[in-house]
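Below you'll find the structure, written out as structure tokens, and then a few comments.
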Amino acid sequence: QSLYHIKRERFKRITIIDSVEKINAVEIKRVPMSNNRKDERGPFDIIGDVHGCFDELIELLEQLGYFINGDLTHYTVTHPKGRKAIFVGDLVDRGPKNPQVLRLVMDMIAADTAFCVSGNHDVKLKRKLKGKNVKLTHGLADTVQQLESFPPEFHRETLDFIEQLVSHYLFDNGNLVVAHAGMKEELQGRTSGKVREFALYGGTTGEMDEFGLPVRLNWAAAYRGKAIVVYGHTPVQKAEWLNNTLCIDTGCVFGGKLTALRYPEKELVSVPAKYTYYKSIKPFIPEEALAPPLVSKKK
């Protein structure tokens with residue numbers, strides 16, 4: 001009776017042992033969860049939501065001491081002191097150079113010089129690449145249009161890359177947690193639909209504000225965990241610590257800044273946006289502090 005329904009219970013792996021021979025041949029090994037990178041101690045550079053702002057990302061990485069070589073076919077990124085980058089997700093949408101950002105981050109991860117967690121915009125792009133019926137809103141249309149000039153192989157590589165992204169990571173013996181929208185203490189290190197949902201969107205009340213956006217619960221205000229939690233998702237004008245948590249999405253694509261946290265130094269490094277690529281529905285930066293709008297040149 002259980003076997004008939006077990007596939008509906010959303011286990012990642014199911015092993016059915018249906019003979020004495022198989023029972024005798026079984027070997028059980030404890031394998032770390034996919035989000036358990038406690039053995040990685042750093043130093044790290046944790047980078048906020050990029051959203052296709054490739055030029056600012058290059059400038060930030062160089063300011064952080066990375067050497068970057070290559071082009072859209074392949075990038076090589078190294079740091080003389082062995083530092084690694086950690087991206088908090090939302091690599092795509094709204095910005096001008098989404099494929100370039102994808103290529104750079106995919107190559108860094110393949111070379112073991114970076115980590116990346118899944119963002120809600122990345123998940124939406126994955127669904128589009130899988131042929132799902134997805135509304136081209138919130139900047140997804142820009143990404144889709146930019147990807148049209150790239151071969152199917154790049155689309156498949158992008159899909160494979162996004163599919164293997166985890167909801168959050170634990171680093172440095174569990175002292176550092178990185179997730180896209182945050183991670184409450186009781187969910188850290190777990191893997192489930194509930195955990196992934198919180199990592200992608202944070203807590204919400206189920207209501208909408210006057211801008212048509214979800215009303216978010218301030219989970220960080222109640223956080224009392226020992227681990228530092230670094231996240232993005234909800235853009236802020238300035239990255240500020242709250243109860244051992246830090247949001248480093250400073251709205252680069254909206255004309256703000258692209259920000260990184262150097263860990264364990266707890267030093268913030270930012271570069272200003274070159275342009276306001278996309279107008280924020282909910283203003284969070286004073287008009288006078290925004291980068292100039294990106295205006296297309298007439299032919």
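The charge dipole of the chain, taken about its Cα centre with unit charges on the Cβ atoms of Lys, Arg (+1), Asp and Glu (-1) only, comes to about 660 debye.
The region of the chain that goes longest without hitting one of the GluC sites (Glu not before Pro) in a DSSP loop, each with at most 15 other Cβ atoms within 10 Å, is 28-147. Between Val26 and Thr204, residue separation times 0.36 nm minus the direct Cα-Cα distance comes to 59.7 nm.
Suppose we keep just the DSSP beta bridges with both residues in the chain; what percent of those would be antiparallel, to 5? Bridges in the chain are about 55 percent antiparallel. When the chain is treated as a GNM with alpha-carbon contacts under 10 Å, the residue of Lys22, Lys238, Lys124 showing the greatest mean-square fluctuation is Lys22.
Computed over protein heavy atoms with a 1.4 Å probe, the carbon and sulfur contribution to the accessible area of the range 101-199 reaches 45%.
Ordered by solvent-accessible area of protein heavy atoms (1.4 Å probe), largest first, the residues Ser19, Ser118, Ser149 come out as Ser149, Ser19, Ser118. For the chain, the relative contact order comes to 19 percent (Cα pairs under 8 Å, sequence separation of at least 6).
Per-residue ellipticity at 222 nm computed for the chain from its helices equals -7000 deg cm²/dmol, with DSSP H segments shorter than 4 residues left out and the rest contributing -39,500 (n - 2.57). Cα centroid separation, the range 91-137 to the range 182-210: 20 Å. Using C-alpha pairs under 8 Å with a sequence gap of at least 6, the mean separation divided by the residue count of the range 198-239 gives a relative contact order of 31 percent.
Note on Asp39 and Thr191: with the Förster distance fixed at 22 Å, the Cβ-Cβ geometry gives a FRET efficiency of about 0.75. Surface analysis of the range 1-96 yields an accessible area of 67 Å² per residue, using protein heavy atoms and a 1.4 Å probe. Shown here: Kirkwood radius over Cα pairs in Å, derived from the displayed model; of the candidates (1) 20.4; (2) 22.5; (3) 26.0, it corresponds to (1). You can think of it this way: the chain between Ile68 and Arg13 has 15.9 nm of extra reach, that is 0.36 nm per residue less the Cα-Cα gap.
Across the range 1-156, the relative contact order, built from alpha-carbon pairs under 8 Å that are at least six residues apart, equals 20 percent.
Note on the range 232-299: with charges restricted to the Cβ of Lys and Arg (+1) and Asp and Glu (-1), its dipole about the Cα centre is near 500 debye. You can think of it this way: the chain between Val134 and Ile6 has 43.1 nm of extra reach, that is 0.36 nm per residue less the Cα-Cα gap.
The values are calculated or read from the model by the stated rules, or taken from the named source; none is laboratory data. None of the values given here were measured: they were computed from a predicted structure. All Cβ positions, even for glycine, are placed from backbone atoms using ideal geometry, and neighbour counts span all protein chains on display. Note: accessible area is taken over every heavy atom of the protein model, side chains too, but ligands, DNA and RNA are not part of it. Shrake-Rupley method; radii C 1.70, N 1.55, O 1.52, S 1.80 Å.
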